[in-house]
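Worksheet: one structure, shown below.
Nothing in this text is a laboratory measurement; each read-out follows from the coordinates by a stated rule. Source: prediction; values computed, not measured. Cβ: placed from backbone, ideal geometry, glycine included. Neighbour counts: every protein chain shown.
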Amino acid sequence: MRTIIMQISILCTIIMLAGCDSFVEVNLPKSQLTNTAVFESYATADAAMADIYAKIRDSGLLNGSYTGISNQLGNYTDELTAFGGPSNPSIPFFNNTLLASSGNVLAYWNTSYNQIYAANAVIEGLQASKNIEQENKNRLLGEAMFIRALSHFYLVKLFGGIPYIKSTDYRQNSTANRISAEEVYKNIISDLEKAISFLPVNYSSGQRIRPNKYCGKALLARTYLENHSYEQAANESSSVINNTAMYSLPAPNSVFLLNSTETIWQLQSATAGQNTLQGTLFIFDQGPPAFTALSSSLVQSFSEQDLRKINWTKEVKNNGQSWFHAYKYKEQSNTPVSKEYSIIFRTAEQYLIRAEARARIGDLIGAKEDLNKLRTRAGLGNTAAESQDEVLKAVLDERRWELFTESGHRFFDLQRFKKLDAVLSLVKPGWDINDQLLPIPENELNTNPNLRPQNPGY
């Protein structure tokens with residue numbers, strides 16, 4: 001009977017969290033995650049944490065459907081071209097005509113803060129629990145702190161200064177102030193340092209679907225890079241790269257398979273035999289595309305010998321015309337057993353982080369060594385870059401070819417390199433200097449005046 005009650009409690013958690021529109025909603029119902037019964041056993045606490053991963057996979061910024069940032073920020077930059085009429089929800093991103101009233105932008109804000117709320121509830125519940133063994137408690141605390149840091153990372157990259165939420169007190173949260181991006185990064189770093197101290201070295205699952213210590217380091221390296229802490233970024237990336245027993249760079253045609261040794265963290269599919277939403281979204285068999293295709297500028301930027309173009313893009317022809325779609329994930333539908341999960345962190349990015357960090361502190365030899373690792377895997381010769389500016393340009397190019405259609409990297413890269421205007425004004429007729437951040441949702445500004453001022457241009 002006790003087990004059944006706890007299972008019902010978890011179900012209520014799922015239902016009630018799904019009903020919360022925003023972390024600032026005044027009438028936020030009391031979530032079952034705040035019920036101490038959830039944290040009386042490791043099984044139910046672990047289930048609460050697993051539900052957060054399911055929400056990230058299905059409805060958050062990182063979901064692989066058309067609403068996720070892999071697609072929408074691809075359309076927002078120079079990675080993807082949107083097709084179809086006004087019914088295609090990617091058109092406002094592609095045309096750079098987003099409004100503060102955009103439902104998609106509001107969903108990014110709400111789902112992220114709902115996931116933060118859930119992570120905070122897990123943290124508070126675990127800290128109060130006296131019945132879970134310390135080792136298990138530490139792992140779940142580390143995972144929840146990692147998710148809190150991850151969600152804030154994407155929010156600050158999309159919106160600039162934001163509130164950093166560390167509690168489940170909705171009255172306090174409903175009047176939270178925006179803090180500067182620099183302060184957000186400091187909070188992310190603090191959360192990740194704690195998460196890394198709690199997370200285990202080894203994965204709790206052989207499929208790398210729960211973050212471990214090195215996953216925390218991978219996000220910490222990314223955060224340090226954004227925060228201009230280049231030596232620290234290089235050190236954290238090196239910690240991941242040097243763990244060759246766990247991580248390596250397989251051939252391009254193996255990178256996105258479920259058991260890839262390049263994967264640092266991936267999101268498990270909802271059911272056995274299900275593959276990625278990205279495969280369903282990006283792959284098309286005939287042209288013109290109904291929804292989206294790789295931009296001609298991206299396709300033409302590849303060397304014809306680049307194994308990434310050969311293995312990760314696919315051409316579709318019709319009546320003398322051709323289009324390319326992303327082909328990193330090969331499965332468009334279910335298979336008897338799942339072959340691919342959605343990868344969020346992988347080793348190649350760590351080489352690129354370290355290459356950029358090294359270049360920015362003047363270690364051009366080390367930076368080029370990292371770039372050449374990826375270029376060799378792609379079947380290309382060593383980079384010809386020599387000066388610091390040339391090496392940094394080579395880093396940006398390699399990131400474009402390596403990370404396209406993965407979680408908005410291109411937008412964040414151009415943002416970090418301060419090249420959004422220079423690059424996108426040439427290929428995006430609707431591009432405006434104020435498009436460097438998304439608007440704070442109008443709803444949220446009306447509910448909480450402390451979120452003002454609105455981002456420029458909206």
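Of 252, 355, 230, whose Cα points farthest to the positive end of the dipole of segment 210-427 (charges on the beta-carbon: +1 Lys, Arg; -1 Asp, Glu; origin at the Cα centre)?
My answer, from the dipole projection, is 252.
Per-residue counts of other Cβ atoms within 10 Å, averaged by peptide: what ranking do you get for 358-364, 386-392, highest first? Before the final figure, lay out the partial values.
Working: 358-364: 19.4, 386-392: 14.7.
Highest mean packing first, the order is 358-364, 386-392.
Jot down the per residue volume, in cubic angstrom and as a whole number, of the convex hull over the alpha-carbon atoms of segment 210-427.
Measuring per residue, one finds 130 Å³ for the Cα hull of segment 210-427.
Give me 210, 410 ranked fewest to most by other Cβ atoms within 10 Å of their Cβ, as a rough exposure proxy.
Exposure proxy ranking, most exposed first: 210, 410.
Summing Lys, Arg as +1 and Asp, Glu as -1, what charge do residues with Cβ under 11 Å from the Cβ of residue 211 carry, residue 211 excluded?
Charge balance in the 11 Å sphere: +4.
Cross-link partners among lysines for residue 373, C-alpha distance below 27 Å, same-chain residues fewer than 8 apart left out?
Partners found: 213, 217, 309, 314, 328, 330, 339, 393, 418, 419.
Working out 0.36 nm times the residue gap between residue 58 and residue 259, then minus their Cα-Cα distance, what length gain in nm do you get to one decimal?
Gain on extension, residue 58 to residue 259, equals 70.2 nm.
For residue 179 and residue 334 in one chain, what is 0.36 nm times their gap in residues minus the Cα-Cα distance, to one decimal in nm?
Once the chain is fully extended between residue 179 and residue 334, it gains 51.4 nm.
If you project the alpha carbons of the chain onto their three principal axes, what span does each projection cover, largest first, in Å?
Cα extents, longest axis first: 64, 48, 48 Å.
Quick one: which residues, 5+ away or cross-chain, put their amide H under 5 Å from the amide H of residue 179? H built at 1.01 Å from N.
162, 164
So if R0 is 25 Å, what FRET efficiency would residue 390 and residue 300 give, r being the distance between their Cβ atoms, rounded to the nearest 0.05? Write out the running numbers ahead of the final one.
Values: r = 21 Å, r/R0 = 0.84.
So the FRET efficiency works out to roughly 0.75.
Taking the chain as the reference, fit the longest principal axis to its C-alpha atoms, fit the long axis of helix 181-198 to the helix C-alpha atoms, and give the angle between the two in degrees, 0 to 90, nearest 10.
70 degrees
Report Rg (one decimal) and Dmax (nearest whole number) for segment 175-280, counting Cα atoms only, units Å.
Just the Cα atoms of segment 175-280 yield Rg and Dmax of 16.0, 50 Å.
Treating only the Cβ of Lys, Arg, Asp and Glu as charged (+1, +1, -1, -1), what charge dipole size does segment 330-446 show about its Cα centre? Round to the nearest 20 debye.
My answer is approximately 400 debye.
Between residue 97 and residue 130, what is 0.36 nm times their sequence separation minus the Cα-Cα distance? Round to one decimal in nm. The partial results should precede the final answer.
Values: separation 33, 0.36 × 33 = 11.88 nm, distance 5.17 nm.
Between residue 97 and residue 130, full extension yields 6.7 nm more.
Which GluC sites (Glu not before Pro) does segment 97-191 hold that lie in a coil by DSSP with at most 12 other beta carbons within 10 Å? Please list the in-between numbers first.
Working: sites: 124, 133, 135, 143, 182, 183; in loops: 133.
The qualifying sites are 133.
According to a simple spin-label model (label point 7 Å from Cα along Cα-to-Cβ), what is the distance in nm between residue 432 and residue 397?
3.4 nm
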